[in-house]
Structures are given as C-alpha cells and as structure tokens.
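Structure first, commentary second.
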Amino acid sequence: MNMDPRNMVTPPLANGAYDVERIRRDFPILARRVHGKPLVYLDNAASAQKPRAVIDRVTQVYEQEYANVHRGVHYLSERATILYEEAREKVRAFLNAASHKEIIFTRNATEAINLVAASYGRRFLQPGDEIVISELEHHANIVPWQMLRDELGLILRIAPISDHGEFLLEAFTSLLGPRTKLVAISHMSNALGTVLPVRDIVLAAHHVGAKVLLDACQAVTHLPVDVRALDCDFLVFSGHKLYGPSGIGVLYGREQLLAAMPPYMTGGEMIKRVTFETTTFAGLPNRFEAGTPAIAQAIGLGAAIDYVSEIGLEAIAAHERDILNYATQRLAAIPGLRFFGTAPGKASVVSFTLDYAHPHDIATIVDRAGVAVRAGHHCAQPLMDRLGVHATTRASIGMYNTRADIDALVEGLSQVTELFTG
Ligand code: C6P
C-alpha cells in the first residue's frame, strides 16, 4: 500500500458546512449491521470508532514500516523511529505544548495519571499535604490519589457539584489553601458531559501554589485543548477516544516538572548508562517510556490527530452540539425519563434513567435495535452516589452521529416503554 492516508481525510465542504455523511463513509464500521439492524454507535465516550485513515496508517506501519524504535541502525528501525517521533510532534502541536520533551506516550490516560501519582506524588508530596479532586471524577482520577493518600498520609478534598452536575467554582476555591499541593480534575465529565471551568480552576490553584493535572480524556475529542493557554501543569488523554488506536495514551507535563521527577517504570530505553552498581537515566521524554512502546498505535494516534484537525474540532463541536440539543429535546418528551447532568455548556453526553426500567435493561433492549449505549456507573461510582442513583444509561455523541441516530435511540426506547409499561 503506498497511498498516503492523510490524502484520504474528508475535507470540510468549501462553504463550511459539515458533511456528516461524507465523514461517516470514512468509518468502515458504521456500514455494518448489528442484530440485523444498521449500527447506531452512541458509546463514543467509552471508545470511539476509527476512520479509514487511522486503520490504513496502522496497517501500513505493519506492512511496510515496522521495527523497534530508538534502538536499531538499520533502515526500518530508523524509519519507525522517525514516524514515532513525528507522532509525538503531532501530539505536541495538537496540545500546543512548548516542547516534544513534554509529551510522554503511555498506554492510556489511566497510566498517565498513575505515572504522575507515583513519580511526582511520591517525590514531592509530604504527609499532611492536600490534593483536591471533584465529585464527578472518573475512577482513574480518584483511586491513584487515594492510594497515594494512604501511603503518604495526605488529605484528599472533594470539590462539590450541584444537583445539575455543575462544578461549583466558589466552593472549590474555598477548599484551597497553603497545604493544597495538587488539584487533579476532569476537564469534561464522562458521565454527565459537564465541561469544567478549567482555566479558572488553574488560576485559583496556582494562586495558592498548587499544581494542576487535567484529565482531558473526554475534552480532547470535543473541544480544542491548549496546554499553554490553560497553563496546566499536567494533562492526560487516551488515543482511543480521539478516533485513534487503543493502547496509546498521552501525558503532557511541564518540562521543568517532568525533568525533576524520578522514573515511573525502569528498564530498557529509559537509561543513559547502566552498570551493576548504578544507573543514570535518559533525558525527556525517554526517561518515562521504559520498554518497547506502542509504536504502531502512536503513529495511528498521529493519523487520528491529522484526521480530526483537518475537519476541525470547532466544526466537530458545533455538529455535536446540534445532535446533543436534538437528543435532549427528543428524550425530554419521553414520560418517566430523567436527565442527569444538565449543566449549561455541557457537551456530547446524555445520561438518563427511566422510572420503569433498569439502565442495563434499557441498554440491552436498545442494543437489539442496533443502538450501542453504555449503562452502569460509568466508572464514576462516587458521582452516582452523589446523584443518588446506582446507574444511568448514557448516549455519547461523536463526530459521525446524526439526528437519525437519535431517532433510532428514541425508537429503541419506545420498545423499552412498551415492554415495561404496555
Ligand atoms: N472513560 C467511559 O466509558 P482509559 O481507560 O485510561 O483510556 O480512560 C480512563 C478515563 C479517564 N478519565 C475520563 C474522564 C474518562 O472518561 C476515562 C474513560 C470511559 O466513560 C471508559 S470507563
């Protein structure tokens, strides 16, 4: 295969209109049927589908360009190394980071948060120091801090949300003080769609001298994220939600912080010199990438970034907003339906319950109609506790969803209603 997958990106229409049908044709899986019905994929917050440009890029790596990176002097190793580092550059530009040294490839966002907790946390936090998270965090941004709290004798403070799922900035600010050393907060809630006022959060945290980690796992697919404009200290995301491969994630860290942090994992590729007596470590970013990395996945993530950037996150966000508004309006008409997460400015997620059916039953029944949604606690059990539910059904919207997808969901839900109340 010798075509350049970047040439296959669907360009936006010349008049600026968003051609969702052309975008859909870039995603081969959307043409398949499920249970005999056309697939309606509304589980994008869990993981997004992949465009042909990403699939072909990964295939091309394995067919033509694959070898281990940073090790060989042979042609393929050098080629793979160039491509891998080009992917890092694409991530750098995507996040507007100052240097490629600030971009660490990890397996996923979860590993990136664990890296910061284990490396930054153990080196720089002291007993009695405080970490602030919020009530709407994903478990990936709760459990690592709990573990660190228990290990080091830290205090974990929880910033509250309103009943509508809004982040309460004033209440958050009142939790900050001289002992606050780290704020680890979601940029956008996976379970509710709330977009947090992260610039204000960073300003308030920096005012008391705390560092800020943003969990941008959901945000990067729906809004432009600029780490320099946000002035955050760390930021994490996963490639698979950004239409890229699974098995690749990103940690952005301010260079001076990463440079002062000890390695997280040790072994090959992260060293400068090893003797049996001692080891000196490589510089950034290699120091945090022990072992053979996810080579094809990183290159695939680069292709995903090209794809999304070509269409434009603003254009994607505007399209998704239309679908979200339509979904909200149509679902609101269903008797017994209750929304969770109605914060102004929320994005791309509709979480709801039906009075008469369990979320798992709802998801199973609509699946028979070809509609993929997620049901459960969405890896946010403390949030479910806060909202007083065990689970919700969640439809999450991606760049290729249409109003017809929402109609199919509503049709599936009418079957639920019929079954449980008919
Ligand atoms: N949320 C969802 O269905 P990983 O698993 O490491 O790629 O991503 C973890 C993660 C961290 N933060 C947020 C805000 C997330 O949404 C997720 C993943 C998926 O909502 C799978 S649980």
(1) assigned to a helix (DSSP H, G or I); (2) over 21 Å from the mean Cα position of the chain (by Cα); (3) among the small types (Gly, Ala, Ser): which one isn't true of Gly128, the others all being true? (1)
Where His35 falls short, out of the listed (1) modelled with pLDDT of 95 or more; (2) more than 25 Å from the chain's Cα centre (by Cα); (3) open to solvent by 80 Å² or more (accessible area, probe 1.4 Å); (4) within 18 Å of Ile299 (Cβ to Cβ): (4)
Within segment 41-64, the count of residues that are away from the ligand (no atom under 16 Å from the Cβ) and of a type in the set (Asp, Glu) comes to 2
Residue under question is Leu301, and the condition is that it be in contact with a helix residue (DSSP H, G or I) (Cβ under 6 Å, 6 or more places away or on another chain) and buried (at least 18 other Cβ atoms within 10 Å of the Cβ); does it hold? yes
Quickly run through segment 322-367 and pick out the residues that are on the phi > 0 side of the Ramachandran plot and either of a type in the set (A, V, I, L, M, F, W, C) or surrounded by fewer than 19 Cβ atoms within 10 Å (Cβ to Cβ) (or both). Gly336, Gly345
Restricting to segment 159-189, what's the tally of residues that are more than 16 Å from the ligand (Cβ to nearest atom), closer than 20 Å to Asp200 by Cα and not aromatic (Phe, Trp, Tyr)? 18
Where residues in segment 180-207 are of a type in the set (S, T, N, Q) and crowded, with 22+ Cβ neighbours inside 10 Å, which of them is farthest from Arg374 (Cα to Cα)? Ser186
If you scan segment 162-176, which residues turn out to be more than 27 Å from Thr392 (Cβ to Cβ), open to solvent by 30 Å² or more (accessible area, probe 1.4 Å) and in a loop (DSSP other than H, G, I, E, B)? none
Give His100, His139 a once-over and let me know the one that is open to solvent by 20 Å² or more (accessible area, probe 1.4 Å) and under 15 Å from the mean Cα position of the chain (by Cα). His139
Whichever residue in segment 38-56 is in contact with a Leu (Cβ under 9 Å, 6 or more places away or on another chain) and part of a strand (DSSP E or B) and, among such residues, is least open to solvent (accessible area, probe 1.4 Å): Val40
Which condition does Met3 not pass, out of (1) of a type in the set (A, V, I, L, M); (2) at pLDDT below 95; (3) part of a helix (DSSP H, G or I), if it passes all the others? (3)
From Ala109, Ala80, Ala93, grab the single residue that is in the same structural domain as His222 (by TED's automatic domain parsing), away from the ligand (no atom under 13 Å from the Cβ) and under 21 Å from the mean Cα position of the chain (by Cα). Ala93
Only one of (1) within 16 Å of the ligand (Cβ to nearest atom); (2) over 27 Å from Val225 (Cβ atoms); (3) not β-branched (Val, Ile, Thr) does not apply to Arg368, and that is (1)
His139 is checked against (1) in contact (Cβ under 8 Å) with a residue 24 or more places away in the chain; (2) farther than 27 Å from Leu192 by Cβ and fails just one. What number does that condition carry? (2)
Looking only at segment 103-116, which residues are surrounded by 24 or more Cβ atoms within 10 Å (Cβ to Cβ) and assigned to a helix (DSSP H, G or I)? Ala109, Ala112, Ile113, Leu115, Val116
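Only one of Val34, Val69 is outside the structural domain of Asn286 (by TED's automatic domain parsing) and touching a residue at least 40 places away in the same chain (Cβ under 8 Å). Can you tell me which?
Testing whether each residue is outside the structural domain of Asn286 (by TED's automatic domain parsing) and touching a residue at least 40 places away in the same chain (Cβ under 8 Å) leaves just Val34.
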Considering only residues that are more than 13 Å from Val389 (Cβ to Cβ) and either in a strand (DSSP E or B) or among the charged types (D, E, K, R) (or both), which ones fall in segment 358-378? Asp361, Asp367, Arg368, Val371, Ala372, Arg374
Out of the residues in segment 208-246 meeting the condition of being of a type in the set (Ser, Thr, Tyr) and surrounded by 22 or more Cβ atoms within 10 Å (Cβ to Cβ), tell me which one is nearest to the ligand (Cβ to nearest atom). Ser238
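The values are calculated or read from the model by the stated rules, or taken from the named source; none is laboratory data. It should be emphasised that the depicted structure is a prediction, and the values quoted were computed from it without experimental measurement. Cβ sites come from the backbone with ideal geometry, for glycine too, and all protein chains shown count toward neighbours. Just so you know, the surface numbers come from the protein's heavy atoms only, side chains and all, with ligands and any DNA or RNA stripped out. Shrake-Rupley method; radii C 1.70, N 1.55, O 1.52, S 1.80 Å.
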